[in-house]
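The values are calculated or read from the model by the stated rules, or taken from the named source; none is laboratory data. Small disclaimer: the values here were computed from a predicted structure and weren't measured. With ideal geometry, Cβ positions are generated from the backbone for all residues, glycine too; neighbour counts draw on all protein chains shown. Ligands, DNA and RNA are stripped out before the accessible areas are found, and what is left, the full protein with its side chains, is counted by its heavy atoms. Shrake-Rupley method; radii C 1.70, N 1.55, O 1.52, S 1.80 Å.
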Amino acid sequence: MSGIAATLQKVYIRNLAEKNKRIDGRKLNQYRNLEITPNFISKAEGSAMVQLGKTKVLVGVKLDLGEPFKDTPDKGVLITNAELVPLASPEFEPGPPDENSVELARFVDRGIRESEAINLSKLVVKEGETVWIVFIDIHVLDHDGNLIDASAYGAITALLTAKMPKAVINEEKIEVIDEWAPLPIERVPIPVTVGKIGDKLLIDPNLEEENVLDAKICITFEEEGNICAIQKVMGLFTEREIEEAISLAEKKSKKIREEILEITKGGDE
Amino acid sequence: MNEEMSYMLEKKPEKLFRDDGKRLSGRDLFELRPIKMKVGILENADGSAFIEWGKNKIIVAVYGPREIHPKHMAIPTQARLRCRYNMAAFSTSERKKPGPDRRSIELSKVIREALVPALLLEKFPKTVIDVFIEVLESEGGTRVASITAASLALADSGLPMKDLVTAVAAGKIDGKIVLDLDSAEDMYGEADLPIAIMPRRKEITLIQMDGKMTPQELRLALGKAIEACQQIYEMQKRALLERYKI
């Protein structure tokens, strides 16, 4: 949408926000319907299909043996990648990752890394030589707004349900044997995205709202109440608005964490 | 200086504070590193600035508003702001492979998002304004130093602006909130919180965080960072006055 139609819609969404209303009938602090299907891809060690309103994101976790980083010989490696494939939106184009997919992947990665969600020390096969590399691949399938939250929920669900084979050292050689255990996941970081229209804050903006937002910020919480990642994605906020966004995100992240833990508990059997 | 060098070379230090309560660099909790700014240092660019912030050395050039290539990148109603954050190969202890990596792609984006609110892009439709940031030497906090210098270069280019953009990082090291982390503090501390504001109205145009902080700690850190920005803002204004004094 462009030109006059876009302007009209912007005015419409702004007027609604002033009255604490939204274009899809939600309250300002209401999330869209969230459905997560773990173990969607059998070839992946972990996976999850996330549907957040009309946004669809598929996340796969693959494991591979490889070398640790030089400065962390006693830790496994986490690599997060995101692809905004052209089938997901008329706005997406093929080609190398653009800044939006880099930002998406790096922010999801930051929440998982900084909360120490994965105990990377338990992914060492032979210190300094061989460790497990955890690849999180985010595949956006249908873009209707708030890709960051949807991707992060997919990533943590996929990690929580992922299985890791056993690697043993047999006469100097590393062998992977058919004994599977869950990945050592110790925390569940949950981001919540808060948008600003005028002086109103709202959570989980859909695409129509994202197109007219004045500002957007993502805040990731872990269960002990610490914030482990923040990213202002666009626009500007006052100090008071940041505080308000934090308390909105804190409340909502608890609920979403409970939902995800409920889903992954069932998927473990 | 030498004292600082020797601790930089060590592996992970046991503590990030000395026995006298000062940081390893000798600074107090909320003390900034020395900052020097100079405006208008390049011949070709429409605007430029150089900043020395601790051992960070960063040069910023602004070109434009000018014709955009490729043409389909033009926005009919406003100028496009493009930012390129680039680290010189020799700017880090281990040589950095030249060219954009994922970190610099993200930084280029967040720096642009930090500068956009200060500009009146709608005054220059269909054009592009390019901000080129070259990090010549880095020592922690390059993004905030880049933003601080970039807003000077934009002002130097003569573009109309709502305000300058001023940036600084707060953080948490050994459980304490501090300002302006250097590389060791960034690497071994618990959290890093870079922010940028437009100081006149204290509007926040960049906030990122990684690490772990409670919401209370974050509030304190944010408040301290905003305070420090006022101090840096004064330096920015002095640097501009220095350039344009008669």
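Brief remarks on what is shown
- Here the relative contact order of chain B, from alpha carbon pairs under 8 Å that lie six or more residues apart, stands at 20 percent.
- Take region A:17-264 with all the other protein chains still there, run a 1.4 Å probe, and you get 44 Å² of accessible area per residue.
- The residue among A:Tyr153, A:Pro97, A:Asn33 whose Cα reaches farthest toward the positive pole of the charge dipole of region A:11-155, with charges on the beta-carbon of Lys, Arg, Asp and Glu, is A:Asn33.
- Area hidden from solvent between A and B (accessible, protein heavy atoms only, 1.4 Å, total, Å²): 2800
- The charge dipole of the protein assembly as shown, taken about its Cα centre with unit charges on the Cβ atoms of Lys, Arg (+1), Asp and Glu (-1) only, comes to about 1820 debye.
- Comparing Cα centroids, region B:125-151 and region A:195-269 end up 28 angstrom apart.
- Alpha carbon centroid spacing (whole Å) that separates region A:9-27 from region A:160-174: 53
- In order along region A:31-44, phi translates into HN-Hα couplings of 7, 6, 4, 10, 10, 10, 10, x, 6, 7, 10, 6, 6, 8 Hz, rounded to whole numbers, per the Karplus curve 6.51 cos²θ - 1.76 cosθ + 1.60 with θ = phi - 60° and x for Gly and Pro.
- Around the amide H of B:Ala169, modelled in the peptide plane, lie the amide H atoms of B:Asp180, B:Leu181, B:Ile195, all under 5 Å away and 5 or more residues distant in sequence or on another chain.
- Each peptide in A:226-234, B:111-119, B:19-27, B:124-132 gets a packing score, the mean of other Cβ atoms within 10 Å over its residues, and the list from highest to lowest is A:226-234, B:111-119, B:124-132, B:19-27.
- Averaged over the residues of A:219-228, the number of partner chain Cβ atoms lying within 10 Å of the residue Cβ comes to 4.
- Average accessible surface area per residue within region B:18-111, 1.4 Å rolling probe, Å²: 53
- Percentage relative contact order, region B:168-211, counting C-alpha pairs under 8 Å, at least six apart: 34
- Mean residue ellipticity (222 nm) of chain B, computed from DSSP H runs ≥ 4 via -39,500 (n - 2.57), nearest 500: -9500 deg cm²/dmol
- Unit charges on C-beta of K, R, D, E only; dipole of region B:25-244, Debye: 640
- With every protein chain in place, the protein assembly as shown: carbon and sulfur % of accessible area (1.4 Å): 51
- Of the peptides B:210-216, A:156-162, the order by per-residue mean of other Cβ atoms within 10 Å, starting with the highest, comes out as A:156-162, B:210-216.
- Whichever aspartates and glutamates have a C-alpha closer than 18 Å to that of A:Lys200, once near sequence neighbours (fewer than 8 apart) are set aside: A:Glu18, A:Asp24, A:Glu208, A:Glu209, A:Glu210, A:Asp214, A:Glu239, A:Glu241, A:Glu243, A:Glu244, A:Glu250, B:Glu203
- Relative packing of peptides A:182-193, B:71-82 - highest average C-beta neighbours within 10 Å first: A:182-193, B:71-82
- Here the label points at A:Leu28 and A:Gln9, each 7 Å from Cα along the C-beta direction, are separated by 2.3 nm in the simple model.
- The mean count of C-beta atoms from other chains within 10 Å of the C-beta of residues in B:215-228, rounded to a whole number, is 2.
- Selection from B:Met87, B:Gly171, B:Pro13 lying farthest towards where the dipole of chain B points positive, charges on Cβ: B:Met87
- Dipole check for region A:17-264: with +1 at the C-beta of Lys and Arg, -1 at the C-beta of Asp and Glu, and the Cα centre as origin, the magnitude is about 700 Debye.
- Average Cα contact separation per residue, region A:17-264, under 8 Å, 6 or more apart, as relative contact order %: 21
- Residues in region B:36-53 carry Karplus couplings, in order, of 10, 10, 9, 9, x, 10, 10, 7, 6, 5, 6, x, 7, 7, 10, 10, 10, 10 Hz; the curve used is 6.51 cos²θ - 1.76 cosθ + 1.60 with θ = phi - 60°, and Gly or Pro positions show x.
- Every helix of 4 or more DSSP H residues in chain A counts as -39500 (n - 2.57), and over all residues that averages to -10000 deg cm²/dmol at 222 nm.
- Karplus (6.51, -1.76, 1.60) ³J(HN,Hα), θ = phi - 60°, over region B:134-140, in Hz, Gly and Pro reported as x: 10, 8, 8, 8, 10, 8, x
- Region B:163-220-region A:70-141 distance, computed between alpha-carbon centres (Å): 24
- Between A:Glu250 and A:Val85, the C-beta separation translates, for a Förster distance of 30 Å, into a calculated FRET efficiency of about 0.35.
- The amide H of A:Val85, built 1.01 Å from its N in the peptide plane, has A:Val140 as neighbours under 5 Å, considering only residues 5 or more places off or on other chains.
- Take each residue in B:100-106, count the other chain C-beta atoms within 10 Å of its C-beta, and the mean is 5.
- Between the residues B:Pro34, B:Ala61, B:Gly47, the greatest Cα displacement towards the positive end of the dipole of region B:29-73, with unit charges on the Cβ of Lys, Arg, Asp and Glu, is found for B:Pro34.
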